[in-house]
Amino acid sequence: MRQARLTLDPGFAVGEVDPRLFGSFVEHMGRCVYTGVYEPGHPAADEDGFRADVLELVRELGVTVVRYPGGNFVSGYRWEDGVGPRGERPSRFDLAWRQIETNEFGLNEFVTWSRKAGVAPMMAVNLGTRGVREAADLVEYCNFPGGTMLSDLRAKHGHPEPHGISLWCLGNELDGPWQTGHKTAHEYGRLANETAKAMRMVDPGIELVACGSSHSGMPTFGSWEATVLEHTYDNVDYISLHAYYEERDGDLGSFLASAVDMDRFIDAVVATSDHVGAKLRNRKRIRLSFDEWNVWYMSRFVGEKNLAAERVPRLIEDNYHVADAVVVGSLLITLLRHADRVGVACQAQLANVIAPVLTEPGGGSCRQTIFYPFAHAARHARGRVLRVEPDSPRYHTARFDDVPLLDAVATQDGDEVTLFAVNRSVGDSLGLTASLRALPELEVVEHVVLAEDDRSLTNTVAEPDRVRPRRLDGTSIVDGELTAELPALSWNMIRMSSRAPR
Ligand code: AHR
C-alpha cells in the first residue's frame with residue numbers, strides 16, 4: 001500500500017472557519033422551489049406549504065446560509081411579483097429557464113422558510129434588466145423598520161418586523177452572454193457601485209457581493225474582476241466566484257483533481273483583488289464569495305434555448321455517485337484551506353437541481369451521495385483551519401499534470417481536532433500517517449468513510465440508502481502518530497479529541 005504523510009500543528013493555522021462556508025442556493029429553476037422545498041398539499045407539507053421532510057434534511061445537512069432567488073433567474077425577476085396576497089400575484093414567463101413562474105413562492109415565503117430551516121437568507125438583486133431604484137426598494141422592503149411606503153407594505157403583508165437580511169449579491173453572472181442584460185465589465189462595475197451606494201443608504205449594515213466571473217474559463221476572466229473592483233472597491237465586501245465540474249470524455253483522473261482548478265481559481269482572484277487594492281492604495285481586503293459550486297454534468301444539459309416552456313420541469317436533476325462525492329469532498333477541503341479569504345460559499349443548488357437532496361412530487365425524499373461530505377464538514381469543521389502540508393504519492397492527469405492522491409485539511413476547535421481527507425486513487429487504498437506531536441494527547445473518536453466497491457452506485461428516492469457513510473475500525477494514535485487506511489476512491493473524516501477530562 002502506498003503511503004502519505006502529513007503534520008497537524010496548531011502553529012500553522014490558516015484562519016478561522018466562517019460557518020458561512022457551508023451555504024447553499026435556492027433558485028426558481030426546475031424543481032428546486034416547487035415540489036422541492038415548497039409543495040402545499042404534500043402529505044409532509046406544514047401550514048406554510050413547506051415540505052417538512054426537506055426542512056429536516058436541510059437541518060441535517062448543516063446549511064448555514066441560502067442564496068435566493070437566482071442565479072440566471074434573478075436577471076429577469078421583479079421581486080414585487082412575489083409579495084402580497086397570492087391571488088393577486090402575476091404569472092410570468094421566466095426568460096432564463098423558460099419556465100412559467102406563478103410567484104406563489106416569493107420573498108416572504110423564502111424568509112419564513114429560512115427561519116424554519118435555521119439558515120440566514122442571502123438575497124440577490126436584479127442588475128440584468130433592472131437597476132439602482134429597484135434594488136434600493138428591495139432593501140427598504142426587507143430591512144427598513146417601518147414608517148415608509150415599502151416597509152409598511154411589508155407589515156401589511158404580515159411581516160411587521162424587518163427581515164434583517166445582511167448579505168446581498170449585486171446581480172448574477174453579468175459577464176456571461178447568456179445572462180439577460182449581459183454587460184461589459186465597465187457597464188456592470190458602474191452600475192454595481194451606484195447600486196451598492198444606494199442599498200447602503202437604506203441600510204448601512206449590509207454586506208455586498210460584486211459579481212466576479214462565471215467561471216475561470218471565461219475569456220474576460222481576470223480583467224473582469226480587475227475592472228469591476230476598480231469601480232466598486234470602496235463599496236463592496238466580496239467578489240463572487242462560480243465553478244462547476246464534471247467528468248468529461250471518461251477522464252476520471254482529471255475529474256477527481258477538479259479541486260486543483262478551484263484552488264488556482266481562488267489564488268488568481270485573491271491576486272487580482274489585491275492588485276486592485278494596491279493600485280488604489282487601499283488597505284482593505286476584498287473577501288471571496290464562492291456562491292455557486294458543485295459537480296454538474298453540464299454536457300448532458302440540452303441548453304436553455306432548447307427547453308420547452310413549462311411550469312415545473314425536471315431540470316438538471318443529476319444523480320450523483322461516489323466519485324462525485326469524493327470530488328465534492330475535495331472542493332470542500334479547498335474552500336476550508338482558503339478560509340483566510342473565502343468567507344462565503346454556496347453549493348448549487350439545494351433540492352433536485354444539481355442538489356444534495358432529491359424529492360418526488362407527492363412522494364419521498366433522499367440524501368444524494370454528495371450530501372454526506374457536506375454534512376460532515378458543516379457539522380465538524382469548526383474553529384481554526386490547520387495547514388497540513390501533505391506529502392503524498394502522485395498520479396498523472398491529462399488536465400493538471402501530476403496531482404497528489406491525498407487531499408486533506410484539518411480543523412481544531414478546543415479539544416476537538418478533525419481531519420478531512422480524500423483518496424483519489426481509484427484502485428488502491430492509501431496509507432496515512434499524521435504527526436500529532438504538537439497537539440495535546442489525542443484519541444480517535446471516529447473514522448467515517450464514504451466509499452463503495454461499485455462506484456456507479458447512487459441513491460434515489462426509491463432506494464435512498466444504497467450509499468451511506470460507515471465507520472472504519474483500525475485507525476489509531478500511538479505516541480503522537482495517527483495511522484489510518486483510506487480506502488480507494490474515498491471521502492474520510494477522522495475525528496480526534498484530547499484525552500484531558502472535559
Ligand atoms: O445553478 C444553475 C445556474 O448556473 C445558475 O442559474 C447560474 O448562475 C449558473 O450559470
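The values are calculated or read from the model by the stated rules, or taken from the named source; none is laboratory data. A quick note: this is a predicted structure, and the numbers were derived from the prediction, not measured. Here Cβ is always computed from backbone atoms with ideal geometry, including for glycine, and neighbour counts include all displayed protein chains. Ligands, DNA and RNA are stripped out before the accessible areas are found, and what is left, the full protein with its side chains, is counted by its heavy atoms. Shrake-Rupley method; radii C 1.70, N 1.55, O 1.52, S 1.80 Å.
Points worth noting:
- When G76 is tested against the conditions (1) away from the ligand (no atom under 16 Å from the Cβ); (2) closer than 30 Å to G303 by Cβ; (3) open to solvent by 20 Å² or more (accessible area, probe 1.4 Å); (4) in contact with a Lys or Arg (Cβ under 9 Å, 6 or more places away or on another chain), the lone failure is (1).
- Residue among R341, R300, R311, R337 that is open to solvent by 10 Å² or more (accessible area, probe 1.4 Å) and within 15 Å of the ligand (Cβ to nearest atom): R300
- Any hit, region 122-129, residues being polar (S, T, N, Q), surrounded by fewer than 22 Cβ atoms within 10 Å (Cβ to Cβ), more than 16 Å from the ligand (Cβ to nearest atom) and modelled with pLDDT of 95 or more: no
- Test: residue in region 199-208 that is closer than 24 Å to V26 by Cβ, in the same structural domain as L150 (by TED's automatic domain parsing) and within 16 Å of the ligand (Cβ to nearest atom): no
- Residue pairs meeting the criteria (Cβ under 8 Å; at least 6 apart or on separate chains; first under 10 Å from V63 (Cβ atoms), in region 14-25; second open to solvent by less than 20 Å² (accessible area, probe 1.4 Å) and of a type in the set (S, T, N, Q)): G23/Q347; S24/Q347; S24/Q349; F25/Q347; F25/Q349
- When L256 is tested against the conditions (1) touching a residue at least 12 places away in the same chain (Cβ under 8 Å); (2) within 26 Å of A210 (Cα to Cα), the lone failure is (2).
- Selection count where residues are hydrophobic (A, V, I, L, M, F, W, C), within 18 Å of the chain's Cα centre (by Cα) and open to solvent by 10 Å² or more (accessible area, probe 1.4 Å), scope region 258-273: 1
- Unique residue being small (G, A, S) and assigned to a loop (DSSP other than H, G, I, E, B) when the list is G363, G343: G363
- Filter pass, K284 being away from the ligand (no atom under 16 Å from the Cβ), assigned by TED's automatic domain parsing to the domain that holds A96 and over 15 Å from the mean Cα position of the chain (by Cα): yes
- Only one entry in S166, S216, S240 is surrounded by fewer than 24 Cβ atoms within 10 Å (Cβ to Cβ), under 24 Å from the mean Cα position of the chain (by Cα) and within 16 Å of the ligand (Cβ to nearest atom), namely S216.
Yes or no, residue by residue, for (1) over 19 Å from H215 (Cβ atoms); (2) surrounded by fewer than 24 Cβ atoms within 10 Å (Cβ to Cβ); (3) within 14 Å of the ligand (Cβ to nearest atom):
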{"site": "L315", "(1), (2), (3)": "yes, yes, yes"}
{"site": "N319", "(1), (2), (3)": "yes, yes, no"}
{"site": "V328", "(1), (2), (3)": "no, no, no"}
{"site": "C346", "(1), (2), (3)": "no, no, yes"}
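- No other residue among E246, E207 is open to solvent by 10 Å² or more (accessible area, probe 1.4 Å), under 18 Å from the mean Cα position of the chain (by Cα) and closer than 21 Å to R67 by Cα apart from E207.
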